[in-house]
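*Asks:* Before I ask anything, let me first share the structure, which is written out below as structure tokens.
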């Protein structure tokens, strides 16, 4: 089942100005490569393919930015979704280090891409990950040591309860880590800029064009729409949480999860809330993430749902979560609330697979998509050009399908994830 149109007018939309509009695709068309999905992955791939002289057509069912790429929390993070030591326990040090290095390359790539293409992404440095239970604090302390000694990452430090309290302006957390090697951005500005760069490079971009079916045989891929068919040599499925049942293998491995965000009025200049303007994520399975923006307002995300239905009254539910972290803000004015759907996988690692001959699907970045989805688009373009080494690091990850098949997997996920949400409160 495809998620509904994401609710709410975001602060990002309110501050981006007029988004460029691209026409719908009407009629049949030929191309070297067709990309389905106009988020970070698809548009990034389109830029680099077009720059290499590839005739590429990209179609987006709605508008660029209507999915998670334009409506997320804007945090970059470091590494993959799982900590490197967790991946090492499963995959061994060599593969874990390669995946960590890939993510660091993705981070550097994002900054370079924005600079080269003149995209102002409103980058602000610093991110903190904090423990909402005291028993987790030792894990954070050990993580800092492991990151420095085994993964050669010098930008991370441990925060005790006092430092955490001072840097967050909240007594809700017991300790954590501070990462000065990453930060947060305005994701919709990055997305809009990437679309402009793709069009300037010669990619053919189409909005309001939904793919209704994909066939692959005899060395050809045919993507059907309501108004025609695109025939190509290769196809990239980059729909992430919004693919529905377009392609069965992808649907079996990716699950849409709704996450919702509120933006407050600008806080006072002397507010104790995040005086350093870093972003924050916490240790809950149903993670809460928040940051101060350049104009001083607090952007706070949480209230996940595990179905394809938007919740009612997002504002009051997010206000309650804000008040748990910042009691003094329980009555703060909220100017914008919105939501979007991201795709997760069972192990919270990206799903990159050849799902049909000459058809690759990429998604399931599980909350790290701002950084990893963009880079995966470039890696796909490299693979088309003959260098598949880095993309293979993601293709080789073992990603099992969600249990329950098409009929029961959403119900089973709902039960499982709500169990984890209950554990967050125990």
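Quick note: the coordinates plus some simple rules give every number you see, no bench work behind them. All figures in this text were calculated on a predicted structure; none of them were measured in a lab. Every residue, glycine as well, gets a Cβ built from its backbone with ideal geometry; the counts of neighbours run over all protein chains shown.
*Asks:* What is the spin-label model distance, in nm, from residue 271 to residue 245 if the labels are put 7 Å beyond Cα along the C-beta direction?
*Replies:* Going by the 7 Å Cα→Cβ label model, 4.6 nm.
*Asks:* Okay, moving on. For the chain, what is the mean residue ellipticity at 222 nm derived from helices alone (per DSSP H run of n ≥ 4: -39500 (n - 2.57); sum divided by total residues; nearest 500 deg cm²/dmol)?
*Replies:* When only DSSP H runs of four or more count, the value is -11000 deg cm²/dmol.
*Asks:* Cα atoms only, region 221-292: Rg and Dmax in Å?
*Replies:* Using the Cα atoms of region 221-292, the pair Rg, Dmax is 20.6, 59 Å.
*Asks:* Still on this model: Against the longest alpha carbon principal axis of the chain, how many degrees, from 0 to 90 and to the nearest 10, is the axis of helix 405-424 turned?
*Replies:* Compared with the principal axis, the helix lies near 20 degrees.
*Asks:* Most exposed first by the Cβ proxy, i.e. fewest other Cβ within 10 Å, how do 116, 355, 56 rank?
*Replies:* Ordered by Cβ neighbours within 10 Å, fewest first: 116, 355, 56.
*Asks:* Running a GNM on the chain with Cα contacts under 10 Å, which residue among 102, 91, 391 ends up with the highest mean-square fluctuation?
*Replies:* 91
*Asks:* Follow-up. Pick out which of 371, 59, 249 has the largest mean-square fluctuation in a Gaussian network model of the chain, springs linking Cα atoms closer than 10 Å.
*Replies:* Sorting by GNM fluctuation, first place goes to 249.
*Asks:* Report, in degrees rounded to the nearest 10, the 0 to 90 angle that the Cα long axis of helix 187-201 makes with the longest principal axis of the chain.
*Replies:* 30 degrees
*Asks:* Stretched out fully, how many nm does the piece from residue 122 to residue 90 gain, at 0.36 nm a residue minus the Cα gap?
*Replies:* 7.9 nm
*Asks:* Helix 40-51: angle to the longest alpha-carbon principal axis of the chain, degrees 0 to 90, nearest 10?
*Replies:* 50 degrees
*Asks:* Among 237, 16, rank each residue by its count of other Cβ atoms within 10 Å, from fewest to most, as a rough exposure measure.
*Replies:* Fewest to most other Cβ atoms nearby, the residues stand as 16, 237.
*Asks:* Here's another thing I want to ask about it. Calculate the translational D of region 204-356 in whole µm² s⁻¹ from Stokes-Einstein, where the hydrodynamic radius comes from the Kirkwood formula applied to all Cα pairs, the temperature is 25 °C and the viscosity 0.890 mPa s.
*Replies:* Rounded to a whole number, D works out at 133 µm²/s.
*Asks:* Now for a different question. What is the order of 66, 32, fewest Cβ neighbours within 10 Å to most?
*Replies:* With the fewest neighbours first, 66, 32 line up as 32, 66.
*Asks:* Continuing with the same structure: Return the single residue from 150, 348, 297 with maximal mean-square fluctuation; model: Gaussian network over the chain, springs between Cα atoms under 10 Å.
*Replies:* 150
*Asks:* Determine by what factor the alpha-carbon radius of gyration of region 8-104 differs from 2.2 N^0.38 Å, reporting the quotient.
*Replies:* Its radius of gyration relative to the 2.2 N^0.38 Å reference: 1.44.
*Asks:* While we're looking at this one, here's another question. Taking a virtual spin label 7 Å from the Cα of residue 212 along the C-beta vector, which residues in region 7-30 bring their backbone nitrogen under 20 Å of it?
*Replies:* 23-30
*Asks:* Quick check: the distance between the Cα centres of region 15-63 and region 91-107, to the nearest angstrom?
*Replies:* 29 Å
*Asks:* Work out how much length residue 101 to residue 14 would gain on full extension: take 0.36 nm times their residue separation and subtract the Cα-Cα distance, in nm to one decimal.
*Replies:* 27.8 nm
*Asks:* What whole-number volume per residue, in cubic angstrom, does the convex hull of the C-alpha atoms of the chain give?
*Replies:* 133 Å³
*Asks:* Here is a further query. Pulled fully out, how much extra length does the chain show between residue 335 and residue 51, if you take 0.36 nm times their separation in residues and subtract their Cα-Cα distance?
*Replies:* 98.2 nm
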